[in-house]
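The values are calculated or read from the model by the stated rules, or taken from the named source; none is laboratory data. Source: prediction; values computed, not measured. So basically every Cβ, Gly included, is an ideal-geometry build from the backbone, and we count neighbours across all protein chains shown. For the accessible areas, the whole protein counts, side chains as well, though only heavy atoms, and no ligand, DNA or RNA atoms are used. Shrake-Rupley method; radii C 1.70, N 1.55, O 1.52, S 1.80 Å.
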Amino acid sequence: MHMRHQQAGYFSDDARPRVGSLQETLRVGRIHLERQWLAQVLDYFQLEARGDALRQADFRSGARRGQAHALSHLNRPHEALAVAGAALALAREYGDASNQISALRVLAAIHARHPLPTPDAMAAPSPALHYLQQALDVASSIEGYAVPGELLDAVAREYAGIGDYAQAYAVALQASAARDQTHSQEATNRAIAMQVQYQTERAETEGEHHRELAAAEAQRAEVLLQTSATLEHLSAIGQEITTHLDAAAVFRALDRHVHGLLDATHFSIFMIEPDGRSLRCAFGIEAGQQLPETRLELSDTRANSVRCVRERREILVEIDAEDSTPNLIPGTLQTLSLLFAPLLIGERVMGVMTVQSLAPRAYGERERLIFRTLCAYGAIALDNADAYRQVAATLKALRTTQAQLVEKNLELEEAYKALEDVSLTDQLTGLRNRRFFLQHVDADVGLSMRGYDETKRPNMADRDSPPRDLVFFMVDIDHFKEVNDQHGHASGDAVLVQMQERLREVFRESDYVIRWGGEEFLVLARATYRDDARLVAERIRSAVANRDFELPDGTRLKKTCSIGFACFPFLQSQPRLMSWSEVVELADQGLYLAKRSGRNAWAAIYSTPQTNPDGLFQRLIHHFDEVLADGEVKLVTNLESPLVTAGPKKRRLVMPAELKA
């Protein structure tokens, strides 16, 4: 009961929080929305009149989106839909892409929460996806704009909600990639933003404190300021002076206003040096002429400027006409009225400002209060200028650091790419390795499947040329162990290096030549006519058998190789019957036949019009001779009498764990 009373009081007209700006109003409204104070939320978002009067399109759009959220949670979906639509129309009218994306996401949330009529011309699987897809389209139209991960996450959730888990997974991967891609830059920008925010908040805090001090000084002058015009004039002067962020501009503004308000033959400003031991005349004008540079030690016991700093108070010196000015700076006029005031920021003294006149008793209480006020404004402006200079120096250093970080990131990326390339390359032969193959084969298989899908389209049915397939070649050097045993491992390495050179001569640059392991090589010939595969196999065999291998000691050695190959898809009428890994096993079956039939040969298994797809792979592996005898497959080989009854192949080339990696 007590909590309910507190909430009611909080939202009453008398207890409503005083919101200082439109943006603060929106922020409070959003807090109430998060806390589910729904009925009261509408009071904070009913602000179109204020937004219209101020022509704040961004604010008006945000207010409407807040209303839509609240109405949706109050189970008033149709009203929520209308208000959200108005927010979208307003954002489109002003070409505000960011608010368009936000409004589209609100519309998607309303449709996800309530059963509502489907939008016009909806092509997406659901109304929520209809609006989220529009949001993605708007985001992609913004030059240099990276689609945020949370928007992609929302799309993924909607796909999952309608049961399309494959698309949901694909979009979720895009969201993860978007976050990873920007992580390094975001971290750098966040560090810079935090540093800049710290400097800016510090400067703003000190500036606010200084303005409060200036206001206090101005209030003290009210008792002697005789007209409101003088008050307004001093206020305008203070605003002008404190807007400058350059010390030289502050000096010029002070000089102009001092001469406009006071009898000032001499005007100068002394600033404490960074070492804290001396005063330097940073600006000085007398009778329209610039004063020579002067430096006073803070240990000086006679100079009025030093005394003003030491005592932290205003000093007025009045001299009779017949007397001489004590401690007169050489080269300056004999003034009779001298007024000194410290430039104070809290308890810290920055320097001294002095105004002097040839007239006796030129500075009464009114003039002293005016001068004191100008000193207060001048101290604020000079301190702001110094803070701005420090912030600018910090920003420059941060930009330099950012550039260095970017350069280091590029170096790290290059190093990572080099390491990744090493991890995908066989160090002995320079060929790609099994890991590279497993990373890339699925993409080529997908491309091949799309080619077969296109042949089923009506306008592609009468295409003359047959589709190009993937052909997997398994190549094994015959009796390679004898090279290592008789000539040493260095000679074996030399044979492997020369073997890769001959394989590169046979195959195209676009084909994958892989060192599969030991003396075995796997080649994926891409976009190849399956009837030409036998010609390629013969070129491989000839390239090895017809040329000697040269060992490190100069010995020339004759070697042969055995080759097995198979085409993907294996059965063209059912291209998805076998996976690529099963086709590789059939290529290894062909290699197995070539090896046990005498070596220096090639063999391949092809489908026929009589091929029965039921359990085909297992029958080919375990009962190949029966399947061949029944005419379901044909054996293509250069062997005259291949041995096909020696039993099934026992080894597996691609393990299930590798396919999941």
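Tell me, how many Å apart are the Cα centres for segment 252-298 and for segment 461-535?
One Cα centre to the other: 88 Å.
In square angstrom, what is the accessible area per residue of segment 334-445 with a 1.4 angstrom probe?
Dividing the accessible area of segment 334-445 by its residue count gives 49 Å².
Which net charge results when you count Lys and Arg as +1 and Asp and Glu as -1 among the other residues whose beta-carbon is under 9 Å from that of residue 375? Please list the in-between numbers first.
Numbers: positive: 372; negative: 217, 314.
Combined, the nearby Lys, Arg, Asp and Glu give -1.
In the full protein assembly as shown, how much of residue 206 is accessible to a 1.4 Å probe, in Å² to the nearest 10?
60
Quick check: net charge around residue 345, other residues with Cβ under 14 Å of its Cβ, Lys/Arg +1 and Asp/Glu -1?
-3
Determine which aspartates and glutamates satisfy two conditions relative to residue 634: a Cα distance under 15 Å, and not lying fewer than 8 residues away in the same chain.
Result set, ordered by chain and number: 531, 625, 626.
At a 1.4 Å probe radius, which order do 555, 425, 205 fall into by accessible area, largest first?
205, 555, 425
Which of rounded, prolate, oblate describes segment 405-495, given a ≥ b ≥ c as roots of the alpha-carbon gyration tensor eigenvalues and a/c under 1.5 marking rounded, otherwise prolate only if a/b is larger than b/c?
oblate
For segment 243-337, which GluC sites (Glu not before Pro) are in a loop by DSSP, counting at most 13 other Cβ atoms within 10 Å?
Details: sites: 286, 293, 297, 311, 314, 318, 322; in loops: 293, 314, 322.
Sparse-neighbourhood loop GluC sites (Glu not before Pro): 293, 322.
To make sure I understand the rule: partners must be aspartates and glutamates, Cα under 19 Å from the Cα of residue 558, and not fewer than 8 residues away in the same chain. Which ones qualify?
476, 478, 482, 485, 493, 501, 505, 519, 520, 538, 548, 550
How much of residue 301 can a 1.4 Å solvent probe reach, expressed as accessible area in Å² and rounded to 10?
The value for residue 301 is about 110 Å².
Where does the charge balance sit around residue 292 when Lys and Arg score +1, Asp and Glu -1, over other residues with C-beta under 15 Å from its C-beta?
Net of charged neighbours comes to 0.
Ignoring ligands, DNA and RNA, what percent of the accessible area of segment 581-646 is carbon or sulfur (1.4 Å)?
Carbon and sulfur together cover 47 percent of it.
For 449, 194, write out the residues from largest to smallest accessible area, computed with a 1.4 angstrom probe and no ligands counted.
Details: 449 15, 194 120 Å².
Ranked list, largest accessible area first: 194, 449.
Decide, for segment 461-600, between rounded, prolate and oblate: order the square roots of the alpha carbon gyration tensor eigenvalues as a ≥ b ≥ c, take rounded if a/c falls under 1.5, and otherwise choose prolate if a/b is larger than b/c, else oblate.
Numbers: a/c = 2.60, a/b = 2.09, b/c = 1.25.
Prolate shape, in that a/c is at least 1.5 and a/b is the bigger ratio.
Which GluC sites (Glu not before Pro) does segment 104-171 hold that lie in a coil by DSSP with at most 16 other beta carbons within 10 Å?
143
Let me check something: with ligands and nucleic acids excluded, how do 423, 141 order by accessible area (1.4 Å probe), largest to smallest?
On the way: 423 45, 141 85 Å².
If we order 423, 141 from most to least accessible, we get 141, 423.
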